[in-house]
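**Q** Following this message is one structure expressed as structure tokens.
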Amino acid sequence: MRFENRNVLVLGGNSGIGLASVKGFAEEGANVHFTGRNQETIDEAMQTVPGAQGHRVDITDRAAMADLLDNLGKDGRTLDILFINAGIGGFAPLREITEEQWDAIHNVNLKSCVFAIQQALPLLGTGSAIVITGSIGAHSALPGNAMYAAAKNGLHAAMKVMAGELVSEGIRVNMVSPGPIDTPLLYRNPGVTGAQVDALRDKMIESVPMKRMGQAEEVARAVLFLASDEASFITAANLCVDGGALELR
Ligand SMILES: NC(=O)c1ccc[n+]([C@@H]2O[C@H](COP(=O)([O-])OP(=O)(O)OC[C@H]3O[C@@H](n4cnc5c(N)ncnc54)[C@H](OP(=O)(O)O)[C@@H]3O)[C@@H](O)[C@H]2O)c1
């Protein structure tokens, strides 16, 4: 029960890694709020995780984020843990990248993550922890992955700067960088067929020294660790949960 009476907000908590983390936080006593865009999966998540409160809020909508945070901060309530996990994929070879795709991926995966932290700062204070989902894709050269890799690499850089700025306020900021994880994400890449995804999946498994995809719960356990008091002397860290894929290449 590491999170008893702790207030937790998970941005992107109705699917995959975010949902596994919502479950984990709730099972350990937290008061969990989470966001997503899809009302159906938000409702399903609230049924699966009794007590967790879902909110349909797009992370790129600054006004909706402000309303959510105003509500969560009513009566002087604060946030102990902020998990910034919302993210989208998108593959395109260099010759086919469009500005529209680039902007959409950078808006969700980089810009809005940083602004969400900026907007949440009034609710955070000494002892609070921020965890951000990165990706080992930020540090590898997977063909077709320039847009996503650039956004997540930017997020990694921003994470370190934010950790440095907030350390004197007693707020820790860390990143979890998953390798290939079995979640709906891979199947949500616009314009990529099921057969292409299966081929990509096989290639990803081949690139992992442990020769398998990871599970959302395996990433969630790392998120919970970094968010907990067990990680009290850890800030600006990037914890890879990738079966050795990044370091053992
Ligand atoms: N799966 C992998 O192999 C892998 C590897 C490295 C990094 N990651 C990162 O892990 C994180 C979670 O991904 P996942 O694998 O668990 O995939 P997922 O199941 O597709 O989950 C993505 C989550 O982000 C939310 N989201 C996306 N765009 C949003 C927006 N504009 N506003 C609010 N919420 C938004 C989604 O909500 P809706 O469903 O409602 O859209 C969903 O909750 C992402 O940041 C992803 O880049 C995943």
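**Q** Kindly provide the set of residues from region 45-67 that are within 11 Å of the ligand (Cβ to nearest atom) and either outside any helix (DSSP H, G or I) or touching a helix residue (DSSP H, G or I) at 6+ places or on another chain (Cβ under 9 Å) (or both), ordered by number. Please lay out each step first, then the result.
**A** Within region 45-67, the subset within 11 Å of the ligand (Cβ to nearest atom) is 45, 54-61, 64-65.
Once the filter is applied, which keeps residues that are within 11 Å of the ligand (Cβ to nearest atom) and either outside any helix (DSSP H, G or I) or touching a helix residue (DSSP H, G or I) at 6+ places or on another chain (Cβ under 9 Å) (or both), region 45-67 yields Ala45, Gly54, His55, Arg56, Val57, Asp58, Ile59, Thr60, Asp61, Met65.
**Q** Is there any pair linking a residue in region 92-105 that is of a type in the set (Gly, Ala, Ser) to one that is modelled with pLDDT of 95 or more, with Cβ under 8 Å and at least six apart or on different chains, and which?
**A** Close Cβ pairs (under 8 Å, with a partner that is modelled with pLDDT of 95 or more) amount to Ala92/Thr98; Ala92/Gln101; Ala92/Ala146; Ala92/Met147; Ala104/Ile88.
**Q** I would also like to ask the following. For the subset of region 125-141 comprising residues that are in a loop (DSSP other than H, G, I, E, B) and at pLDDT 95 or above, which member is surrounded by the most Cβ atoms within 10 Å (Cβ to Cβ)?
**A** First, the residues of region 125-141 that are in a loop (DSSP other than H, G, I, E, B): 125-128, 134-135, 140-141.
Okay, now just the ones that are also at pLDDT 95 or above, so 126-128, 134-135.
Working: Thr126: 7, Gly127: 14, Ser128: 23, Gly134: 24, Ser135: 29.
That would be Ser135.
**Q** If a residue has to be modelled with pLDDT of 95 or more and within 22 Å of the chain's Cα centre (by Cα) to count, how many in region 90-112 make the cut?
**A** 12
**Q** Can you pull out the residues in region 232-249 that are at positive phi and at pLDDT below 95?
**A** Correct list: empty.
**Q** Could you tell me how many of the residues in region 23-38 are within 13 Å of the ligand (Cβ to nearest atom) and either assigned to a loop (DSSP other than H, G, I, E, B) or crowded, with 24+ Cβ neighbours inside 10 Å (or both)?
**A** So the count comes out to 5.
**Q** Go through (1) more than 9 Å from the ligand (Cβ to nearest atom); (2) under 18 Å from Leu79 (Cβ atoms); (3) out of contact with any helix residue (DSSP H, G or I) (no Cβ under 8 Å at 6 or more places or on another chain) one by one and return the number of the condition Gly18 breaks.
**A** (1)
**Q** For residues in region 191-249 being over 28 Å from Val22 (Cα atoms) and small (Gly, Ala, Ser), which is surrounded by the most Cβ atoms within 10 Å (Cβ to Cβ)?
**A** Looking at residues that are over 28 Å from Val22 (Cα atoms) and small (Gly, Ala, Ser), I get Ser207.
**Q** Tell me which residues, restricted to region 142-188, are in a loop (DSSP other than H, G, I, E, B), farther than 14 Å from Gly90 by Cβ and not hydroxyl-bearing (Ser, Thr, Tyr). Step through it out loud before you land on a result.
**A** Step one: filter region 142-188 for residues in a loop (DSSP other than H, G, I, E, B), giving 142-145, 170-171, 179-180, 182-183.
From what is left, the residues that are farther than 14 Å from Gly90 by Cβ are 170-171, 179-180, 182-183.
Of everything in region 142-188, those that are in a loop (DSSP other than H, G, I, E, B), farther than 14 Å from Gly90 by Cβ and not hydroxyl-bearing (Ser, Thr, Tyr) turn out to be Gly170, Ile171, Gly179, Pro180, Asp182.
**Q** Regarding region 145-164, can at least one residue be identified that is away from the ligand (no atom under 13 Å from the Cβ) and either at pLDDT below 95 or at positive phi (or both)?
**A** There is no residue in region 145-164 that is away from the ligand (no atom under 13 Å from the Cβ) and either at pLDDT below 95 or at positive phi (or both).
**Q** Say we look at region 167-190 and pick out the residues that are touching a residue at least 60 places away in the same chain (Cβ under 8 Å) and more than 15 Å from the ligand (Cβ to nearest atom); which of these is surrounded by the most Cβ atoms within 10 Å (Cβ to Cβ)? Step through it out loud before you land on a result.
**A** Quick first cut of region 167-190, residues touching a residue at least 60 places away in the same chain (Cβ under 8 Å) only: 167, 172-181, 183-186, 188-190.
Now restrict to residues that are more than 15 Å from the ligand (Cβ to nearest atom): 167, 172-173.
Details: Val167: 13, Arg172: 22, Val173: 27.
Top of the filtered list is Val173.
**Q** Of all residues in region 84-124 being assigned to a loop (DSSP other than H, G, I, E, B) and in contact with a Gly (Cβ under 7 Å, 6 or more places away or on another chain), which is nearest to Ala20 (Cα to Cα)?
**A** Residue satisfying both the conditions and the ranking: Asn85.
The values are calculated or read from the model by the stated rules, or taken from the named source; none is laboratory data. Remember, it's a predicted structure, so these values are computed and weren't measured experimentally. Counting neighbours? That spans all protein chains shown, and the Cβs are built from the backbone with ideal geometry, glycine included.
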